[in-house]
Structure formats: structure tokens, C-alpha cells
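Here the structure comes first, spelled out in C-alpha cells, and everything after it is commentary.
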Amino acid sequence: MLPEMKAAIFDLDGVLLDSMDIWVDVDKEFFEMHGMDYTPEISKHLSTLNMEQGAKYMINDFQLDLTVDEVMKQLLDIVMDMYLHDIDVKPGVLELLELISKQGIPIGLATSNTHELVGASLKAHGLNHFFKAVVTCNDVGADKGSTKVYDRCCEIMDADIAQTYVFEDSLHAIATLNESDYITVGVYDPYSEVEQYMIEEISDIYVKDLNDFIKKMKI
């Protein structure tokens, strides 16, 4: 039997926002801007990195004559308008955040994205007031191959890891979380279609969307 939820942490892209496919478009546009050949494997690799790490990867592996800050600014310029106008909140997000919040359970956000993009997108979708902690991988100097970004959320929320439910769509992130005492909720996203059977297998709970979590947990 799973422990009672005393805190919750959500990923942003692919869990709260239907935004994973947008990053493929961003990667394609960036590579086209610089006359470089793009392959889907590039986006798959970039999806495991935060933006600063992704910028370093593109500079080093594709010999870009740009600084990390310049690459990040170009990426943000491409993606900001998409986040504000072209991306929808995923099913059940508002309902679940409201239910958890009404029970006085603190909510955190752990993301590989940037504060600039996170803040703007949460505000645009009316979600920013739900979160007691918003922590990026860049804040802790580690990607989601480490639990540091989740641990920092728990520190801010004064939450016990063993009673914290973490909602993730990434196999890579869920595998990392399973090395600690977090309760993992694997959330379906079509971007990770080929990994869904593995995500379902290693998650404590697996849901098709957040409405499904509400029904399963009867909250």
C-alpha cells in the first residue's frame, strides 16, 4: 500500500503542459538557422538535458561559433511565443492541482526548463499560484540523472521524500527517482510512446493522464 501523499512534485513539459513536440520544432528550427543537419535522435538526447547543458552539447558537438548564453537566447526567442500561444495544459492538470491544494498539501515543480520560460508559461495558463517551490535543474547544477532538483523542492516545502509523489513522463527521470524513496507517478505522453511499457513497469503508479490519477487514487 502506498503512503499518504504529504507533498507533490510535478515535471512541466509532458506532465503539466503538452509541450514535448514543441521542442522538436524548436530544435529543427535552430538547426536550420545554422545550416546544420537535424535528426530526431538529437531531440531525444536534448530532452534529457537542461537548456544550458543542451547549449554546450550543440556548441561542442556541432562546432557552433557561439557562446552558451547566445545559444540559450536564440532558443528562448524561438520557444517563448510557442509556450504562450501554442501549448495547451494537459487533461486533468487544473483539477488535480486544485484538489491537492485544497487539502493543504504543498506542490513543487522540478524542471529542466528555465525560470524565464517556466514563469511565463505558468502565468499564461493560470497555474503559478499553486506552487510553493519552483526549481530548475540549472538551480542545482544537475540534470534529472540526479535527484537534486527534486530534493531541493522537498527542502523548500519541508517535505518528507518518502511521502512525496513525483509526477514524471520521462523514463530517465523515473529511473533516477527509483534510486531514492520518492513515490513515482508515470504519466503518459506520446513523445515517449516507445518507452511507455518500461515507464509503466518501473513507476509506482502509471496513469494515462492526471484525470486518471484522480480516479485511481479517489482524491
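Read-outs: derived from the displayed coordinates by stated rules, not from any lab. Remember, it's a predicted structure, so these values are computed and weren't measured experimentally. Backbone-built Cβ (ideal geometry, glycine too); neighbour counts: all protein chains shown.
What the table below lists for this structure:
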| quantity | calculated |
| --- | --- |
| Lys, Arg +1 and Asp, Glu -1 on Cβ, resulting dipole of the chain about Cα centre, debye, nearest 20 | 860 debye |
| Percent antiparallel among DSSP beta bridges (both partners in the range 1-146, rounded to 5) | 10 percent |
| Cross-link pairs beyond the 28 Å C-alpha cut-off, checked among 56/144; 90/148; 132/216; 73/208; 123/208; 132/208 | 73/208 |
| Inter-label distance for residue 115 and residue 178, nm, one decimal - labels placed 7 Å from Cα along Cα-to-Cβ | 3.4 nm |
| J(HN,Hα) series, the range 35-46, from Karplus relation 6.51 cos²θ - 1.76 cosθ + 1.60, nearest Hz, glycine and proline x | x, 10, 6, 9, 10, x, 4, 5, 5, 4, 5, 4 |
| Computed lengthening from residue 216 to residue 200, 0.36 nm per intervening residue step minus Cα-Cα distance | 4.3 nm |
| Residue 109 long-range amide H proximity, modeled H, under 5 Å | 10, 133, 134, 135 |
| Cα centroid separation, the range 172-191 to the range 60-139 (Å) | 18 Å |
| Positive-pole candidate from 49, 78, 26, dipole of the range 20-85, charges at beta carbon | 49 |
| Long-range amide H partners of residue 19 with built H, under 5 Å | 14 |
| Size of charge dipole - the range 80-132 - debye, nearest 20, with Cβ of Lys, Arg +1 and Asp, Glu -1, no other charges | 280 debye |
